[in-house]
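The structure appears right after this line, and notes come after that.
What follows draws every value from the coordinates through simple rules; no lab data is involved. Quantities reported herein were computed from a predicted structural model and do not represent experimental measurements. Glycine also receives a Cβ, built like all others from the backbone with ideal geometry; neighbour counts cover every protein chain displayed.
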Amino acid sequence: MKRQLKIGHLYPKLLNIYGDGGNIITLKKRAEWRGVNVEVHEINSGDVWLGEHDIYFIGGGQDTQQIEVSYELNRHKEFMTAERDRGAVFLGICGGYQLLGHYYQPHEGDKLMGISLLDAYTVAGNKRFIGNVTVGQAMPDNSTLVGFENHSGLTYLQGETKPIGTVIVGNGNNGVDKTEGARFKNVFGTYMHGSFLPKNPKFADYLLELALGEKLEPLDDSIENSAHNALINKAY
Ligand code: GLN
């Protein structure tokens, strides 16, 4: 039986910098290569919501775009919390990741309230973290993840929300505690742009397997893995 997968792309008109849209392409193609029928719904400000999705993706952006997204997301906080609790998969990148936590306090202005799917909070730091990132002891198989970071936000994890790995190169959540990203239930966040999933195929398949509820047969990831390996331990 042809399997179905619904992906909700949240606020791509506002949060979609540094190629983050490539994560949607990766999820879609890797599912279709396994014979899964994929629907991608872009959900922008003011759109009527199309009900439940298997995976929600939200990309990164500047503080100004995050203001509108914070307001919009909080209109759907109850629904998104119920989606988390029924096991839907979420992936937030950088600015989108920050808004999956409790709040993001920018340098100026009020706190941007998040929707608390992750027990984490973010405050703007005094420097921008810009450069390549290598993460070790990382989900799903305790190996490495690679990407690119560009953020001033410092994110701190609490409670049952745990990092997706340990920073080897770069800064990660806050440049101090060596944590990168976050996970609680099937909600994931990371500061890694790049885009993130094309160069981390095992993580992409992990999200698909959580969303589909089944193990996926392996693909020939020789190109993806060479891109991954080219970035390992590379600072610039
Ligand atoms: N505006 C946020 C920060 O600077 C997020 C940036 C981003 O999404 N790249 O931390």
(message) Within the stretch 166-204, list the residues whose amide N lies under 14 Å from a label point set 7 Å along Cα→Cβ of Asn150.
(response) 192-196
(request) Would you calculate the separation in nanometres between label points at Met113 and Gln158, each defined as 7 Å from the Cα along the Cα-to-beta-carbon direction? (result) 1.6
(message) Quick check: residue separation of Lys29 and Thr166 times 0.36 nm, minus the Cα distance between them. What number comes out in nm?
(response) 46.5 nm
(request) Take the Cα gyration tensor of the stretch 136-236, multiply each eigenvalue by 5, square-root it, and list the three semi-axes largest first, rounded to whole angstrom. (result) 22, 18, 10
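Please give the calculated 222 nm ellipticity per residue for the chain, where each DSSP H segment of at least 4 residues contributes -39500 (n - 2.57) and the sum is spread over every residue; nearest 500 deg cm²/dmol?
Numbers: 6 runs with 61 residues, N = 236.
One gets -7500 deg cm²/dmol as the mean residue ellipticity at 222 nm.
The stretch 59-158: which trypsin sites (Lys or Arg not before Pro) are DSSP loop and have at most 14 other beta-carbon atoms within 10 angstrom? Before the final figure, lay out the partial values.
Details: sites: Arg75, Lys77, Arg84, Arg86, Lys111, Lys127, Arg128; in loops: Arg86, Lys111.
Those that pass, being in a loop and sparsely packed, are Arg86, Lys111.
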(message) How charged is the neighbourhood of Arg75? Take every other residue with its Cβ under 12 Å from the Cβ of Arg75, and add Lys/Arg as +1 and Asp/Glu as -1.
(response) -3
(request) Using the structure shown, list the pairs from Lys13/Lys178; Lys77/Lys234; Lys178/Lys215; Lys28/Lys77; Lys6/Lys77 with a Cα-Cα distance above 29 Å, or answer none. (result) Lys13/Lys178; Lys77/Lys234; Lys178/Lys215
(message) Spelling out what I want: for every residue of the stretch 88-96, take phi, set θ = phi - 60°, compute 6.51 cos²θ - 1.76 cosθ + 1.60 (Karplus), and round to whole Hz; glycine and proline get x.
(response) 4, 8, 10, 9, x, 10, 6, x, x
(request) Summarise the long-distance tail of P(r) for the stretch 66-184 by giving the % of C-alpha pairs beyond 24 Å. (result) 24
(request) Enumerate the calculated ³J(HN,Hα) couplings along the stretch 155-161 in order (Karplus 6.51 cos²θ - 1.76 cosθ + 1.60, θ = phi - 60°), each rounded to whole Hz, writing x wherever the residue is Gly or Pro. (result) 10, 10, 8, 9, x, 8, 7
(request) For Asn142 paired with Ala235, estimate the spin-label separation in nm (one decimal), with each label point 7 Å from Cα along the Cα-to-Cβ line. (result) 2.9
(request) Choose one answer from Val146, Val187, Val36: the residue with the largest mean-square fluctuation in a GNM of the chain with alpha-carbon springs under 10 Å. (result) Val36
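Report, to one decimal in Å, the Kirkwood hydrodynamic radius for the chain based on all distinct Cα pairs.
On the way: mean 1/r = 0.0572 Å⁻¹.
Taking the inverse mean of 1/r over all distinct Cα pairs, the chain comes out at 17.5 Å.
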(message) Quick query: amide H of Ser152 versus all other amide H atoms, modeled in the peptide plane; which residues come in under 5 Å with a sequence gap of 5 or more or a different chain?
(response) Phe129
(request) Mind listing the long-range amide H neighbours of Tyr191? Cut-off is under 5 Å, sequence gap 5 or more, other chains count too, H placed in the peptide plane at 1.01 Å from N. (result) Cys94, Gly181
(request) Please list the non-local residues whose amide H lies under 5 Å from the amide H of Tyr56, H modeled 1.01 Å from N, same-chain partners needing a gap of 5 or more. (result) Gly8, Val89, Phe90, Leu91
